[in-house]
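The values are calculated or read from the model by the stated rules, or taken from the named source; none is laboratory data. What you see is a predicted model, and the numbers here were worked out from it, not measured in a lab. Counting neighbours? That spans all protein chains shown, and the Cβs are built from the backbone with ideal geometry, glycine included. Surface areas here come from the heavy atoms of the whole protein model, side chains and all, with no ligands, DNA or RNA. Shrake-Rupley method; radii C 1.70, N 1.55, O 1.52, S 1.80 Å.
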Amino acid sequence: MSEPDREPYVGRPLKRTEDPKLITGRGQYVEDIKLPGLAHLVFLRSPHAHARVTLLKTDAARRAPGVVSVVTARDLGSLRPLPFMATLPGLKQAPCPYLAEAVVDSTGVPVAAVVAESAFEAVARAIGLRLL
């Protein structure tokens, strides 16, 4: 095998083969997939780079029609954070919680999850959660 054949994707433009069917309406996006019992998951993410989570009001979202579940860190119970980058020897491992409970340490950290029967309902209820 010649040198250029071993890394055919590095350092050269690649022809995009999926574009024609997508821009002519013949492609399929994930949003187009409809399966029986399909639910949609949306995360409420922190808009703050560093903050304390003092209150998370979920009552209205939990009662909303079309909502399957609203989950916060407290709902996860004994499910503990995964060590991040645990496979690299000698690397300091930082716990990576699924959902922040008391403190968020960066913008975009998930604080709650909403599962609903439609993507619209999941987004609407996640936006409606009160994060204080």
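Comparing mean-square fluctuations of THR58, THR24, THR107 from a GNM of the chain with C-alpha springs under 10 Å, the top value falls on THR24. If I take every Cα pair under 8 Å that is 6 or more residues apart in the chain, average their sequence separation and divide by the length, what percent do I get for the relative contact order? Computed over the chain, the figure is 37 percent. For the chain, the share of accessible area belonging to carbon and sulfur comes to 59 percent (1.4 Å probe, ligands and nucleic acids excluded).
Toward the positive end of the charge dipole of the chain, with +1 on the Cβ of Lys and Arg and -1 on the Cβ of Asp and Glu, the farthest Cα among PRO65, VAL53, VAL42 is that of VAL53.
What do you get for Rg/Rh over the chain if you use C-alpha atoms and the Kirkwood form of Rh? Mind showing how you got there, number by number?
On the way: Rg = 20.7 Å, Rh = 18.4 Å.
Value, to two decimals: 1.13.
Along the chain, the exposed loop sites are chymotrypsin sites (Phe, Trp or Tyr not before Pro) outside DSSP states H, G, I, E and B with at most 15 other Cβ atoms within 10 Å, and the longest stretch free of them is 30-97. Per residue, the accessible area of the chain comes to 77 Å² when a 1.4 Å probe rolls over the protein heavy atoms. Of the residues ILE33, ILE127, ranked by 1.4 Å probe accessible area with the largest first, the sequence reads ILE127, ILE33. Of the residues TYR98, ILE127, THR17, the one whose Cα sits farthest toward the positive end of the charge dipole of the chain, with +1 on the Cβ of Lys and Arg and -1 on the Cβ of Asp and Glu, is ILE127. For the chain, take the longest principal axis of its alpha carbons; what is the angle in degrees between that and the long axis of helix 119-128, to the nearest 10 within 0 to 90? That works out to roughly 50 degrees.
With +1 assigned to the C-beta of every Lys and Arg and -1 to the C-beta of every Asp and Glu, and no other charges, what is the dipole magnitude of the range 28-132 about the Cα centre in debye, to the nearest 20?
Values: 11 positive and 8 negative charges, 69 e Å.
It comes to approximately 320 debye.
Between VAL114, VAL103, VAL68, the residue with the greatest mean-square fluctuation in the GNM of the chain (Cα pairs under 10 Å linked by springs) is VAL103. Extension gain for SER106 to GLU31 (0.36 nm times residue separation, less C-alpha to C-alpha distance): 24.1 nm.
In the elastic network of the chain, a GNM with C-alpha springs shorter than 10 Å, the most mobile of ARG26, ARG16, ARG52 is ARG16.
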